[in-house]
Number of protein chains: 2
Amino acid sequence: MLFFTQCFGAVLDLIHLRFQHYKAKRVFSAAGQLVCVVNPTHSLKYAPTRCAAAQASTEQGVLPPCHHHEAVHDPQLVPCTCPLFSCPWEGHLEVVVSHLRQTHRINILQGAEIVFLATDMHLPAPTDWIIMHSCLGHQFLLVLRKQEKYEGHPQFFATMMLIGTPTQADNFTYRLELNRNQRRLKWEATPRSVLECVDSVISDGDCLVLNTSLAQLFSDNGSLAIGIAITTSKVHNSEAEM
Amino acid sequence: MLFFTQCFGAVLDLIHLRFQHYKAKRVFSAAGQLVCVVNPTHSLKYAPTRCAAAQASTEQGVLPPCHHHEAVHDPQLVPCTCPLFSCPWEGHLEVVVSHLRQTHRINILQGAEIVFLATDMHLPAPTDWIIMHSCLGHQFLLVLRKQEKYEGHPQFFATMMLIGTPTQADNFTYRLELNRNQRRLKWEATPRSVLECVDSVISDGDCLVLNTSLAQLFSDNGSLAIGIAITTSKVHNSEAEM
């Protein structure tokens with residue numbers, strides 16, 4: 001009986017997923033973009049100070065270890081977290097992609113422009129929606145996070161990080177675009193490196209930030225579609241260092 | 001002695017204003033855009049429920065009265081506030097522009113694309129920066145407001161309103177653009193009519209919203225430059241009603 005109940009649940013999930021995918025394809029079909037449905041990750045625990053020493057992470061190509069080591073003195077092993085989960089893994093940049101795919105089952109998508117469809121936006125904070133994006137010979141990580149920076153007021157933070165060094169990251173520009181109901185919001189910036197903690201990017205607010213009300217305006221039936229594009233860096237038009 | 005001190009203060013203010021204007025012109029000169037330095041308005045008092053009945057404001061071309069009238073029963077005199085200040089004025093749409101210019105000394109600028117340079121962003125909430133923009137045969141009102149929706153956490157809200165009816169407003173699209181230090185944020189939407197209260201637009205979050213940290217990233221020495229463009233409405237590319 002339990003087996004049949006579980007089977008029925010799985011079939012329902014599959015139908016729901018298919019429906020979300022169909023809806024996203026319908027919306028973005030005009031642009032011929034690849035749509036990826038991304039389900040949330042619920043099991044995050046945020047340690048407020050875990051990134052304190054992450055800024056010392058440098059060009060040495062070493063991914064900060066995934067949890068805090070009190071006794072570490074090797075300057076290449078900076079105490080921080082994995083960019084996604086509070087997992088105990090640590091390693092070099094070259095093996096991050098395989099770790100994320102195998103251990104955390106993060107999907108990887110190809111293409112210069114894709115659509116990231118985050119489902120179940122109503123889930124309580126903290127929640128992450130994550131995907132890898134392979135483009136222009138590199139892999140990028142898109143993280144959408146629902147977090148309560150101020151208690152009782154959840155916000156959504158979206159950023160793109162390069163699975164590479166900060167110097168490599170400087171060669172790219174990423175764009176996140178929300179477009180619905182005669183409203184459009186675009187964020188363009190240089191991606192950060194995964195050697196810098198995603199937590200610090202979010203606490204600095206140096207990413208696309210959405211209040212709950214704005215997220216609701218752009219979402220449809222609990223799902224938020226974010227168009228993603230990555231290009232090689234060029235000086236922005238009409239921009240100068242002010 | 002007091003006279004000389006005041007004179008010296010006025011000269012200093014003038015130099016500061018000239019410096020801000022020069023800086024903004026330098027930044028946006030490439031685009032040949034008109035730059036307007038907008039100083040803040042400090043004397044606002046927000047009554048949390050003053051817009052409660054504003055949604056009943058209709059196509060009748062009557063600007064809601066500027067303060068609450070308990071005894072009003074005329075359906076054309078909706079109890080609400082002036083779009084800007086808690087001033088006692090009330091009147092019809094046709095005379096709003098002259099009221100704003102004469103009573104509140106709001107500047108009016110011509111041109112399809114202008115740059116709004118809001119100074120003294122550090123001032124405590126609530127503070128408004130306001131300008132009128134004459135374009136495509138109509139007058140628009142840009143309101144940038146610093147407000148604490150959540151106590152202790154001021155945010156910036158920017159929106160554009162047509163000094164006209166909601167039906168007229170539907171014919172336009174406005175764009176607000178922040179561009180600094182290899183980051184760009186764009187908001188595009190249909191302007192609201194001044195017959196709808198600016199307070200309700202902000203409380204709905206249906207506008208460009210900036211956290212303090214994001215505002216700091218885009219501002220330079222306490223000033224925030226917002227590029228403004230208004231066009232006649234067309235269906236957004238790659239957009240569909242989801």
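The values are calculated or read from the model by the stated rules, or taken from the named source; none is laboratory data. Everything numeric here is computed off the predicted structure, so don't read it as measured data. All Cβ positions, even for glycine, are placed from backbone atoms using ideal geometry, and neighbour counts span all protein chains on display. With ligands, DNA and RNA removed, areas are computed over all heavy atoms of the protein, side chains included. Shrake-Rupley method; radii C 1.70, N 1.55, O 1.52, S 1.80 Å.
Annotations
- Some residue of segment B:115-138 being closer than 20 Å to B:E94 by Cβ, in contact with a strand residue (DSSP E or B) (Cβ under 9 Å, 6 or more places away or on another chain) and aromatic (F, W, Y): no
- Taking the criterion of being in contact with an Asp or Glu (Cβ under 6 Å, 6 or more places away or on another chain) and either farther than 25 Å from B:T212 by Cβ or open to solvent by 10 Å² or more (accessible area, probe 1.4 Å) (or both), the only residue of segment A:135-157 that qualifies is A:P154.
- Residue that is nearest to A:V95 (Cα to Cα), among those in segment A:156-169 that are in contact with a Ser or Thr (Cβ under 7 Å, 6 or more places away or on another chain) and in a strand (DSSP E or B): A:L162
- So A:E148, is it charged (D, E, K, R), in contact (Cβ under 8 Å) with a residue 24 or more places away in the chain and either within 8 Å of chain B (Cβ to nearest Cβ) or not in a helix (DSSP H, G or I) (or both): no
- Restricting A:D220, A:D204 to those that are at the interface with chain B (Cβ under 8 Å from one of its Cβ atoms), open to solvent by 10 Å² or more (accessible area, probe 1.4 Å) and within 16 Å of A:M121 (Cα to Cα) reduces the list to A:D220.
- Taken over segment B:170-186, the criterion of being more than 23 Å from A:F172 (Cα to Cα) and either facing another protein chain (nearest Cβ under 8 Å) or in contact with a His (Cβ under 8 Å, 6 or more places away or on another chain) (or both) is satisfied by B:F172, B:T173.
Rundown of residues vs (1) of a type in the set (K, R); (2) at negative phi; (3) touching a Phe, Trp or Tyr at 6+ places or on another chain (Cβ under 6 Å), yes/no style:
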site: B:R101; (1), (2), (3): yes, yes, no
site: B:G111; (1), (2), (3): no, no, no
site: B:L123; (1), (2), (3): no, yes, no
site: B:D128; (1), (2), (3): no, yes, no
site: B:H133; (1), (2), (3): no, yes, yes
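- Hits in segment A:158-186 - residues which are of a type in the set (F, W, Y) and surrounded by fewer than 22 Cβ atoms within 10 Å (Cβ to Cβ): A:F172
- Residue among B:M121, B:M132 that is under 15 Å from the mean Cα position of the chain (by Cα) and open to solvent by 10 Å² or more (accessible area, probe 1.4 Å): B:M121
- Tally of residues being more than 10 Å from chain A (Cβ to nearest Cβ), in contact with a helix residue (DSSP H, G or I) (Cβ under 8 Å, 6 or more places away or on another chain) and not aromatic (F, W, Y) across segment B:151-164: 6
- Matching residues, segment A:187-201, being in a strand (DSSP E or B), open to solvent by 10 Å² or more (accessible area, probe 1.4 Å) and either more than 19 Å from A:C135 (Cβ to Cβ) or at the interface with chain B (Cβ under 7 Å from one of its Cβ atoms) (or both): A:E188
- Taken across segment A:171-184, residues that are outside any strand (DSSP E or B) and in contact with a helix residue (DSSP H, G or I) (Cβ under 8 Å, 6 or more places away or on another chain) do occur, with at least one present.
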